[in-house]
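Colleague: What follows is a single structure, and I will ask about it in a moment.
What follows is calculated from the coordinates using simple rules that are stated; it is not laboratory data. For clarity, every value in this text was computed on a predicted model and none was experimentally measured. A quick note on method: Cβ atoms are made from the backbone with ideal geometry, for glycine too, and the neighbour counts reach across all protein chains shown.
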Amino acid sequence: MKHTWAMAIDLDRCTGCGACVVACNAENNIPVIGEAEAAKSRLMHWIRVNRYWEGEFPEAQAIYLPIPCMQCERAPCELVCPVYATYHNEDGLNAMVYNRCIGTRYCANNCPYSVRVFNWYDYKWEKPLDEQLSPDLTVRSRGVMEKCTFCIQRIRRAKEAAAEEGRGIRDGDVVPACVQTCPPGAMVFGDLADPHSEITRKLKDPRRFRLMEHLGTEPRVVYLKRQKGAGR
Amino acid sequence: MLDRRQFLKLGGATAFATLFGGCEKVQRKLIPFVIPPENYTLGEALWYASGCRQCPAGCGVVVRVSEGRAKKVEGNPLHPVNRGKLCARGQAALQALYHPERLSQPMKLSGARGSGSYKPVSWEEALSLLMGPLKTVKTEAPASLLMLTEPMRGHAGLVAGRFMKAFGSPHRVAWDPFGPDAMITANAAVYGVRDLPEHDLANTRYLLSFSGDFLETGISPVHYAREFGRMRGDRETIRGKFLHFGPRLSMTAAAADLFLPCAPGTEGIVALGIAHVMVRDRLTAAASAAGRLSDDLSPYSPEAVEKKTGVHAHDIAAAAEEFARNQPGLAIGGTAASTGQDGVFHCAAVALLNVLAGNVGEPGGVSFPNRAQAFAKYGAETPLLAPPPESGYAGMRAALEKMRSGAFRMAILSGATNPAFTLPPALKFVEALSKVPFVVAFTSFLDETTSLADLVLPVPTALEEWGDDVAPVGHAGAVTLCQPVVTPFHDTRSMPDVLIAAAKELGGDPAKALPWGSFRECIEKAYGGPGGEMEKALQRGGFFGESLSPRSAPRERKTSFPAARERDFDGDPKAFPLVLHLYPSVTLYDGRGANLPWLQELPDPVTTAMWRNWVEVNPKTASGLDLAEGDAVTITSSSGKIAAHVAFNPGIAPDVAAMPLGQGHTRYGKYANGRGENPISLLPAGETYALQATRVALAKTKLSTTLARAAHPEGQWKVKNMM
């Protein structure tokens, strides 16, 4: 069965707390780079929470925007990879084959959302912090590009479990680490191919918008605008 | 004829052939495992339930364990406090478990006290080093034993409490820097219940927050964040509206529909202004029942409040109107904002709004379930298992006096609250502790406090030990059970285990008071032991079945409140023009998270700064002082002087400078040390732990460091499009 994975992020619920970022660190073997590298904007996080200011005191306002990889349907990053390291997989995700990557960084250059991060060094996990590393995915080496995969290992796990039980994947079987932990429940993940899934319902919300829609990248991550006022 | 030599030759050749033949066959089988099939991982991952202890909120967790190692912590979906959700600090518990600087064996002091040089010793030697002084103190002066811990809940608290009682010492002090003392006192005055309220955010329609911090570090951030999400989006036709009053645009304030800045230390006055309008205009039944404006309320007309707080009179009137019209409504105070001597007044004024709205005990309002119900069978000992969630600052100050006078001959320290770091240096904790001849510390890490001990005993982390817990709010009668989700990584023993063993060796009363072989046995005895109910409960993460009976409502409800009190700011406003606003860090809490790299590298939600602390100022204030973003400044108060980098916050009152707590460690390992200076050193030795009642002055300076910020590489979105 073909899946169309998608994510909805409700900005009316997001509090900007950063739980998604640390959950992703733990799930996806994301290295810690240290203060000096962080100051060069080389954070390896696969999801970041942008904070935007609007207005001046006393009308100042902050708004948070969590940004994982948009998993674009027409992904600008895929077109420019000379070695097909980044490709569209059978579920329509932008997947990475790490050992094909030769580090041209064309993909990052072409990504309008700046969600791709590059291993400038062989980042080390000081012993015994490496005991925590997840066996489900590799530790990427120097010179390799990486990015959010919608927790592809969890998708695979759910598929295997479903196949073992001889059934299809049910809504809620696949939950990426960020969605799982989000304290206010701002994130929803699911299969758009399933007409009864929560994500299908969420995406009918008139508040929906996509980032930089005018570029025609057709992102799989859809945001729901913040609301104002007491009613709906 | 086959002679002996030929036989051997033949035998050798046969063996050789067999050996080689065998090798080939084995190789064929081996190759697939040397290069395993794609997506092949060794072993099957299992999930174990336990409790989180990264902060006192008491969430339940499940831990993914693969090949005997913990890989991922997630919220326990069955646990009523967090329902599967977890914050950044909870996620980072794994890094505490596998931290390179975690103590792996007992250590005894090898240099001068406080030098931090230790020599590893065996547990036998460590226990004999502990028992020697303990026995002497027991026979000569049992009351000279001090136990200084963080608030211990569940049976760990029972063991510690019983140990001290049987030992003969009344000096058990618990210290939690963010204990909501003022809120508890105010609740006793206004609601008649001396406990924390349960705020039913999910069902409320209108939320007023007065410097509330319930989404970031308050009493139970994950619980309230989840409830906040439900308030916003889980009801078909209702979306709860949220107004925030306070001097700083915090992470919680950013989630509000409307952020209305007020002058520092005037949150309670704003609340009284709203109460004034509610009673004057008889907006709710409870407000009409209050009748005429009482003398307490009559001076707080919106116009008068505007003069004091800077909040427009029409905003106050509109807030009162909307709050009354959209019931159930809820008013929440802040914990950090009510730490001063005026804190009780602020909390009481906020509580008054809940009373006037008539939401006490109602859905979408405040209620006071009996938190200690699960431990009622312990009778008079119940407070040991479910202690009131207070900071213990008064007890701490009293203990400091005694320490200085030499009343203590031995001290047992434990917990993550690190008083040498979290208490103002003006209180001279380090000096006082040096007057105690023998100090034992139970800890996982050396920090500013535990590195002052003579004997350091390593303890398991929360993911490696037995225990139980009752959360301060949101637990609906649940008892969390904690179990080791992995085999202890180091040679550690938990504090209750050591206390039980020590009691046995002391004999007499202590041995009788703690009649178990180990802490695990104590837990098993309490919950029915292996096999029965407890086994199921361990799989689920605790006992979640029973629901709490509400406390019987107080007979007469007072709508009066403690007298209005202006905040006494420490320092001369001329010399120190800005008000220092210290707040718990969203990522590092009180500083205990500062040694975890994941938390250090998590950008702060408001400033996006990492790895170092900063001082938040309004851009207008900064331009007056000729300061740009990232510049270095000195922050001077009447008690101390530190330096930090400037980060702009356009939503902070121009007369306020805010700093997060948690950085400025000197002895908490390489990830924590040298990342700015501790802002606690700016506080005076006050009668309360007042985090926001000190005046400071800023002056430009130079620092060799820079402040790392998370960038927005794609530039500025049009925020209007997102709202």
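Colleague: How large is the dipole of chain B about the Cα centre if only Lys and Arg carry +1 and Asp and Glu carry -1, each at its Cβ, rounded to the nearest 20 debye?
Modeller: Using Cβ point charges on Lys, Arg, Asp and Glu, chain B gives about 1300 debye.
Colleague: For B:LYS241, list long-range residues whose amide hydrogen, built 1.01 Å from N in the peptide plane, is under 5 Å from its own amide hydrogen.
Modeller: B:TYR206, B:LEU207
Colleague: Specify whether the C-alpha gyration tensor of the stretch B:181-367 places it in the rounded, prolate or oblate class, a ≥ b ≥ c being the square roots of the eigenvalues: rounded for a/c under 1.5, otherwise prolate if a/b is larger than b/c and oblate if not.
Modeller: Because its axes are fairly even, with a/c under 1.5, the stretch B:181-367 counts as rounded.
Colleague: Kindly write out, for the stretch A:55-68 in residue order, the coupling ³J(HN,Hα) from the Karplus curve 6.51 cos²θ - 1.76 cosθ + 1.60 (θ = phi - 60°), rounded to whole Hz, with x marking Gly and Pro.
Modeller: Result, rounded to whole Hz: x, 10, 3, x, 9, 4, 9, 10, 9, 9, 9, x, 10, x.
Colleague: Between the stretch B:184-212 and the stretch A:39-82, how many Å separate their Cα centres?
Modeller: So the two Cα centres are separated by 36 Å.
Colleague: From the phi of every residue in the stretch B:420-437, what ³J(HN,Hα) in whole Hz does the Karplus formula 6.51 cos²θ - 1.76 cosθ + 1.60 yield, where θ is phi - 60° and glycine or proline is x?
Modeller: 5, 9, 8, 8, x, x, 4, 7, 6, 5, 4, 5, 5, 5, 5, 7, 8, x
Colleague: Nearest 10 degrees is fine. How inclined is helix B:221-233 to the longest principal axis of chain B, computing both from alpha carbons?
Modeller: Roughly 60 degrees, rounded to the nearest 10.
Colleague: Work from the charge dipole of chain B (Cβ charges, +1 for Lys and Arg, -1 for Asp and Glu, about the Cα centre) and give the residue of B:LEU148, B:GLY58, B:MET495 farthest towards its positive end.
Modeller: So the residue furthest toward the plus end is B:MET495.
Colleague: Also, quick follow-up: By how many degrees, between 0 and 90 and to the nearest 10, does the Cα long axis of helix B:155-167 differ from the longest principal axis of chain B?
Modeller: For B:155-167 against chain B, the angle is about 90 degrees.
Colleague: Place a +1 charge on the Cβ of each Lys and Arg in the stretch B:396-455 and a -1 charge on the Cβ of each Asp and Glu, then give the dipole magnitude about the Cα centre in debye, rounded to the nearest 20.
Modeller: 280
Colleague: Which of A:ILE199, B:ALA357, A:ASN89 sits farthest toward the positive end of the charge dipole of the protein assembly as shown, with +1 on the Cβ of Lys and Arg and -1 on the Cβ of Asp and Glu?
Modeller: A:ASN89
Colleague: Which of B:LEU258, B:LEU385, B:LEU455 has the fewest other C-beta atoms within 10 Å, and how do the rest follow up to the most? Mind dumping the intermediate values first?
Modeller: On the way: B:LEU258 18, B:LEU385 26, B:LEU455 22.
In order of increasing Cβ crowding within 10 Å: B:LEU258, B:LEU455, B:LEU385.
Colleague: Quick one: putting +1 on the C-beta of Lys and Arg, -1 on the C-beta of Asp and Glu, what dipole do you get for the stretch B:137-211 around its Cα centre, in Debye to the nearest 20?
Modeller: 260
Colleague: Assuming 0.36 nm per residue, please report the length gained on full extension of the stretch B:THR701 to B:ASP295 beyond their Cα-Cα distance.
Modeller: 141.1 nm
Colleague: Taking Cα centroids, how far is the stretch B:475-503 from the stretch B:370-387 in Å?
Modeller: If you average the Cα positions of each part, the centres end up 19 Å apart.
Colleague: Angle, helix B:4-34 long axis vs. longest principal axis of chain B, Cα atoms, 0 to 90°, nearest 10?
Modeller: In chain B, helix B:4-34 runs at an angle near 20 degrees to the longest axis.
Colleague: Hey, another quick one. When the distances between all Cα atoms of the stretch A:20-173 are binned every 10 Å from zero, what whole-number percent does each bin get?
Modeller: 10, 33, 34, 18, 5, 1
Colleague: Then there is this: What net charge do the residues around B:ALA622 carry, taking every other residue with its C-beta under 11 Å from that of B:ALA622, with Lys and Arg at +1 and Asp and Glu at -1? If you can, show how the numbers build up before the last one.
Modeller: Values: positive: B:LYS620, B:LYS700; negative: B:GLU616, B:ASP626, B:GLU629, B:ASP631.
Around B:ALA622, the surrounding residues sum to -2.
Colleague: Fewest Cβ neighbours within 10 Å first, please rank A:LEU211, B:LEU215 accordingly.
Modeller: Lowest count first: A:LEU211, B:LEU215.
Colleague: Around B:ALA411, which amide H atoms from residues at least 5 apart in sequence, or from another chain, sit under 5 Å from its own amide H, with H modelled in the peptide plane?
Modeller: Correct list: B:LEU146, B:PHE438, B:VAL439, B:VAL440.
Colleague: Within a Cβ distance under 14 Å of A:TYR84, other residues only, what is the Lys/Arg minus Asp/Glu net charge?
Modeller: Every neighbour counted, the sum reads 0.
Colleague: On to the next question. Using the count of nearby Cβ atoms within 10 Å as a rough guide to exposure, how do B:SER209, B:SER110 rank from fewest to most?
Modeller: Listed from fewest to most nearby Cβ atoms, that is B:SER110, B:SER209.
Colleague: Along the stretch B:505-521, what does the Karplus equation 6.51 cos²θ - 1.76 cosθ + 1.60 (θ = phi - 60°) give for ³J(HN,Hα), rounded to whole Hz, x for Gly and Pro?
Modeller: 6, 5, x, x, 4, x, 5, 5, 5, 10, x, 9, x, 7, 5, 4, 5
Colleague: Report the label-to-label distance for A:ALA161 and B:GLU44 in nanometres (one decimal), using points 7 Å from each Cα along the Cα→Cβ vector.
Modeller: In this crude label model, A:ALA161 to B:GLU44 measures out at 1.3 nm.
Colleague: What net charge is computed for the residues neighbouring B:ASP176, neighbours being all others with C-beta under 9 Å from the C-beta of B:ASP176, Lys and Arg scored +1, Asp and Glu -1?
Modeller: The answer is -3.
Colleague: At R0 = 25 Å, how high is the FRET efficiency between A:ARG142 and A:LEU79 if r is their beta carbon distance? Nearest 0.05 is fine.
Modeller: About 0.50, to the nearest 0.05.
Colleague: Hey, can you grab everything whose amide H is under 5 Å from the amide H of A:VAL222? Only 5+ residues off in sequence or another chain; H modelled, so Pro and N-termini drop out.
Modeller: A:MET7, A:ALA8, A:ILE9
Colleague: Roughly speaking, what is the centre-to-centre gap between the stretch B:629-652 and the stretch B:418-452 when only Cα atoms are used, to the nearest Å?
Modeller: 27
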